[in-house]
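A quick write-up on the structure given underneath.
The values are calculated or read from the model by the stated rules, or taken from the named source; none is laboratory data. Worth saying up front: this structure is predicted, and the values here are computed from it rather than measured. Neighbour counts are summed over all protein chains in view; Cβ atoms, including those assigned to glycine, are modelled from backbone coordinates with ideal geometry. Heads up: the accessible areas ignore ligands, DNA and RNA and are worked out on the full protein's heavy atoms, side chains in. Shrake-Rupley method; radii C 1.70, N 1.55, O 1.52, S 1.80 Å.
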Amino acid sequence: MTVISEDGGLPMHGQIACSRCFSGDVQWGRSDASQGSWRITNNPLAWGNPQAEVVVLGFSKGPTQAGALERQTHEQIAFRGGRTSLAKILHHVGLLAAPDNGLVDGLIADSHGRFHFGSFIRCTVERYDSGKGAWTATGAGMLDRFVGTEFGRYVVGQCSSRYLTQLPASTKLILMLGMGSAGGYVRACRRAFEHARPGPWKTFNEVAYTDGKVFVVHTEHFKSQGSHLPNWLSGTTHPRGRLGLLAREAVAAAV
């Protein structure tokens, strides 16, 4: 598997050698850094084309993806367990011909295609659950709660400056999977983009913003709980469907 050094821009398909948030002898897949009830494990990855037109970013690798690192091929890890939902999201905003997870499989494996896939936080983010006495990489409010901490903001700053400052000229759209509670994740991500890419950022609509070079568009998360995703996909039949239509409008403007 390809290992890429810290040289800026979208990383190549494979493992990424990045030690920005860690100290000492950093070992991929083993080293971690923590503060309070949060920790990150050094296992950054990338899929697809480093010169992509469209970048699709989750928040972090959840337990399904992180747990598969030693058992599955690289191409099988990204959005594992959620590709059917991801296909529905990409189709809804006009980026996939049909809501077919087989099409997503092909896009993730294609290192020369239109898409790049990864996560906003390239390493695995976990929170210590004192009630269970264990670390967990999933749960309600993970997005908002992590970016609301000093440690979370530091990690977000490191990741965004490393991977999102020097985007290739070919990149027109970054699709962010997740909106957070009452748009909290949208606002936190926008602050990170404004810091990483200083410039004339403008609001396009409630779920999208642009600096005139790249659009950032937020969608429902592919692992959202309950009826959030069906409602987001519903068009005009549910109030949350309005946000899905706004995302579709912004994607059309971007590409």
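Can you report the principal axis dimensions of segment 68-134 using only the alpha carbons, biggest first, rounded to whole angstrom?
That works out to 44, 25, 20 Å along the principal axes.
Could you name the lysines whose alpha carbon sits less than 17 Å from that of residue 172, not counting residues in the same chain fewer than 8 places away?
Hits, sequence-local ones excluded: 202, 213.
At a 1.4 Å probe, what is the % contribution of carbon and sulfur to the accessible area of segment 140-255?
On the way: 2810 of 5150 Å².
Accessible surface attributable to carbon and sulfur in segment 140-255 totals 54 percent.
So how far apart, in nm, are the two label points at residue 211 and residue 132 if each is 7 Å from Cα heading toward Cβ?
So the two model labels end up 3.7 nm from each other.
May I ask you to give the average projected area over all directions of the convex hull of the Cα atoms of segment 146-255, in nm² rounded to one decimal? Don't skip to the end; give the middle numbers.
On the way: hull surface 28.1 nm².
Computed as one quarter of the Cα hull surface, the answer is 7.0 nm².
Ranked highest first by average number of other Cβ atoms within 10 Å, how do 42-54, 26-38, 107-119 line up?
Numbers: 42-54: 22.5, 26-38: 14.7, 107-119: 20.2.
Highest-to-lowest ranking by the protection proxy: 42-54, 107-119, 26-38.
Provide the per residue accessible area, probe 1.4 Å, for segment 52-145, rounded to a whole number of square angstrom.
That works out to 41 Å² per residue.
Using a Förster distance of 22 Å, how high is the FRET efficiency between residue 181 and residue 37, based on the Cβ-Cβ distance and rounded to 0.05?
Working: r = 19 Å, r/R0 = 0.85.
With a Förster radius of 22 Å, E is 0.75.
Which value, to two decimals, describes the C-alpha radius of gyration of the chain once divided by 2.2 N^0.38 Å? Don't jump to the answer; show the numbers that get you there.
Details: Rg = 17.0 Å, N = 255, 2.2 N^0.38 = 18.1 Å.
So the Cα radius of gyration is 0.94 times the expected 2.2 N^0.38 Å.
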